[in-house]
Structures are given as C-alpha cells and as structure tokens.
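Visitor: What follows is a structure written as structure tokens; I'll ask about it next.
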Amino acid sequence: MRYLILSDIHSNLSALEAVLAAVEGKFEKALCLGDLIGYGPDPEEVVSRVRALNPVVLRGNHDRAGSGLTDAEDFNPSARRAALWTRDRLSTDNLNYVRALPVGPLAVEDFLLVHGSTFDEDEYVFEAYQALETLRQTSHRLIFFGHTHLQGGFVLHDKKLEVLRIHLKEKSEAAELRLDPDARYLLNPGSVGQPRDGDNRAACAIYDAAEAMVEFWRVPYDIELTQRRMSEAGLPEALIQRLSFGR
Ligand code: ZN
C-alpha cells in the first residue's frame with residue numbers, strides 16, 4: 001500500500017492543491033496528521049478538500065482551537081487571531097467534522113500516527129531526548145508525527161539516535177529513505193501549508209509499506225496567491241510574510 005502523508009495544511013488551499021496535483025496517481029490512501037486549519041485563508045475549502053480524499057485523519061492543536069473545542073489562550077497573538085477568524089468561516093458540517101476528529105495516536109497497519117508526540121498532541125518534538133521519550137511509549141517501529149513543521153525526523157539504530165534533516169535542492173522534488181528493518185523511525189512529512197525549515201515549498205511524504213520506503217516531497221505552489229487571500233481576509237502580517245521564507 002502506498003500512503004500519502006499530509007500534515008499541518010493550515011488552511012492553505014493553494015499549497016494543498018499543488019501537493020495533490022504533484023502526487024496524483026502515486027498513492028492509494030491518504031493520511032493526515034492534523035492541523036487542517038489555522039493560520040491560512042481557506043479553512044472551509046481545505047476541510048472539504050481533505051474530506052474528499054477519505055483519509056485517515058487525526059486532530060491537531062489548531063483543529064481544536066479553530067473549531068472552538070478549546071479556547072486559543074495558549075496561542076501567540078497572531079495564531080489566536082487566526083484561530084478565532086477561522087471559527088467563523090467554517091460551515092456547520094465542516095465545523096462538526098473538525099470537532100469530531102480523533103485524538104492520536106492512531107495505528108494504521110503496523111505504524112503509528114501522532115500530531116505532536118505519542119503522549120501529548122501539543123508537544124513539539126525538536127530534541128533527541130523527546131524523540132527517545134516518544135519512541136519509548138510504544139513498540140511501533142515507525143511513527144509519523146507533525147506539529148513542528150520540519151521535514152525529517154529521527155532514526156534510532158543500535159541505541160544511537162540520529163537526527164534526519166531533509167534538504168532538497170530547488171529543482172528536486174523528492175528524496176527517498178529506505179527503511180532499515182533493524183531501526184526505528186520517527187518521521188515528519190513536513191508542513192503542507194506553513195513550512196518552517198527554510199524551504200518555502202509545500203511538504204509531504206509518501207510511505208510505500210511494501211517497499212519499506214519513504215519519499216519526502218517538496219512542491220512549489222503559488223505563495224503569492226495565498227498571501228493575497230490572507231491580506232484580503234485581514235489575517236496577521238507576520239503569518240503572511242513567513243510563508244515567503246518558509247520559517
Ligand atoms: Zn501546525
């Protein structure tokens with residue numbers, strides 16, 4: 001089975017459409033690690049587009065705040081403004097869909113999906129000790145996580161943890177990682193709608209379970225279109241600018 005793995009789309013329809021066009025015909029089942037909404041200009045359209053994929057999807061912290069399940073008190077001011085703006089833009093049907101999204105971890109075949117970590121959907125797994133803690137919570141060999149918006153992750157082999165950073169050249173669209181059966185992996189497909197690893201292209205991954213292979217993708221999209229729509233919506237300038245830098 002070939003899985004498309006999306007995370008942190010953040011209401012960026014232009015980025016989502018570009019990713020889906022790039023990987024069309026290359027996957028059989030879509031998985032989504034949460035944060036469909038928040039930050040970007042098109043929450044309603046993004047939720048509808050994701051739903052049309054009939055994916056396995058779990059919720060992220062922005063889905064929780066953007067659908068009003070919790071307040072956005074712990075968000076920074078820009079993120080909070082975007083969360084409150086988002087709430088008023090979702091149809092009742094899509095709002096209910098987002099509210100009902102399951103909390104991770106969620107198992108698919110023999111691998112695991114989480115938004116933050118295996119024990120906290122709000123945890124940013126940046127550091128090696130956090131990766132070890134989250135791997136320790138489960139016996140799964142392969143875990144996909146999101147939330148940090150950084151493509152790559154961690155590999156544990158022979159009790160040694162290696163940080164995996166994906167740096168794709170401007171022209172190349174995908175990097176392949178062949179999975180070692182003796183290693184354990186905590187992998188982040190990167191963010192579709194608000195990358196923060198210095199590459200402003202939309203990110204995603206494809207996991208080929210039969211081949212034990214993960215492809216990390218980067219797809220250019222119309223950043224200016226998303227930024228224009230954010231300006232028209234009156235969303236915070238800092239959120240608009242950061243898309244140019246991928247930070
Ligand atoms: Zn996010």
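Visitor: So, by mean Cβ neighbours within 10 angstrom, what's the order for 202-209, 24-31 with the highest one leading?
Guide: Details: 202-209: 24.8, 24-31: 14.6.
Ranking the peptides 202-209, 24-31 by packing returns 202-209, 24-31.
Visitor: Considering the chain as a Gaussian network with a 10 Å cut-off on Cα pairs, which listed residue, 105, 77, 41, attains the greatest mean-square fluctuation?
Guide: Maximum among the listed residues: 77.
Visitor: For the peptides 142-149, 108-115, what is the packing order when you average, over each peptide's residues, the other Cβ atoms within 10 Å and list the highest mean first? Can you show the working numbers first?
Guide: On the way: 142-149: 24.8, 108-115: 20.1.
Ranking, from highest mean packing down: 142-149, 108-115.
Visitor: Rounded to the nearest percent, how much of the accessible area of segment 2-245 (1.4 Å probe, protein heavy atoms only) is carbon and sulfur? Mind dumping the intermediate values first?
Guide: Details: 4980 of 10480 Å².
Solvent-exposed carbon and sulfur of segment 2-245 make up 48 percent of the total.
Visitor: Sticking with this structure for a sec: Can you tell me the accessible area per residue over the chain, all protein chains present, probe 1.4 angstrom, in square angstrom?
Guide: On the way: 10710 Å² over 247 residues.
On a per-residue basis, the chain sits at 43 Å².
Visitor: Quick one: order 124, 129 from most to least accessible surface, probe 1.4 Å. It would help to have the intermediate numbers written out before the result.
Guide: On the way: 124 85, 129 135 Å².
I get 129, 124, largest accessible area first.
Visitor: For a label point 7 angstrom out from the Cα of residue 21 toward its Cβ, which stretches of segment 203-223 have the backbone nitrogen within less than 17 Å?
Guide: Within reach of a label on residue 21, which here means backbone N under 17 Å from a point 7 Å along Cα→Cβ, segment 203-223 contributes 203-204, 218-223.
Visitor: Sort 226, 92 from largest to smallest accessible area, using a 1.4 Å probe on the heavy atoms of the protein chains. It would help to have the intermediate numbers written out before the result.
Guide: Values: 226 5, 92 100 Å².
The ranking, largest first, comes out as 92, 226.
Visitor: Segment 23-104: percent of C-alpha pairs farther apart than 15 Å?
Guide: Numbers: 1745 of 3321 pairs.
Cα-Cα pairs of segment 23-104 separated by over 15 Å account for 53 percent.
Visitor: Continuing with the same structure: On the principal axes of its Cα set, how long, how wide and how thick is the chain? Give whole Å, largest value first.
Guide: 51, 38, 31
Visitor: How much length, in nm to one decimal, is gained on full extension between residue 76 and residue 51, taken as 0.36 nm per residue of separation minus their Cα-Cα distance? Mind showing how you got there, number by number?
Guide: Details: separation 25, 0.36 × 25 = 9.00 nm, distance 2.84 nm.
Using 0.36 nm per residue and subtracting the Cα-Cα distance, I get 6.2 nm.
Visitor: Tell me what the chain gives for mean residue ellipticity at 222 nm when only DSSP H runs of n ≥ 4 count, each as -39,500 (n - 2.57), the sum divided by the residue total, rounded to 500 deg cm²/dmol. Don't skip to the answer; put the middle values down first.
Guide: Numbers: 8 runs with 74 residues, N = 247.
Mean residue ellipticity, 222 nm, calculated: -8500 deg cm²/dmol.
Visitor: While we're here: Can you give me the pair-distance distribution of segment 1-54, C-alpha pairs, 10 Å bins, whole percents?
Guide: Spelled out bin by bin, segment 1-54 gives 25, 60, 14, 0 percent.
Visitor: Hey, any idea what Rg/Rh is for segment 115-237, computing Rh the Kirkwood way over Cα pairs?
Guide: Rg/Rh: 1.02.
Visitor: Tell me, what is the percent relative contact order of the chain, built from C-alpha pairs under 8 Å that lie six or more residues apart? Could the numbers behind the result be given before it?
Guide: Details: 567 pairs, mean separation 58.1, N = 247.
The normalised contact order for the chain reaches 24 percent.
The values are calculated or read from the model by the stated rules, or taken from the named source; none is laboratory data. What you are looking at is a predicted structure, and each value in this text was computed from that prediction instead of being measured. We place every Cβ from the backbone using ideal geometry, glycine too, and count neighbours over all the protein chains shown. Ligands, DNA and RNA are excluded from the accessible area calculation, which covers all protein heavy atoms including side chains. Shrake-Rupley method; radii C 1.70, N 1.55, O 1.52, S 1.80 Å.
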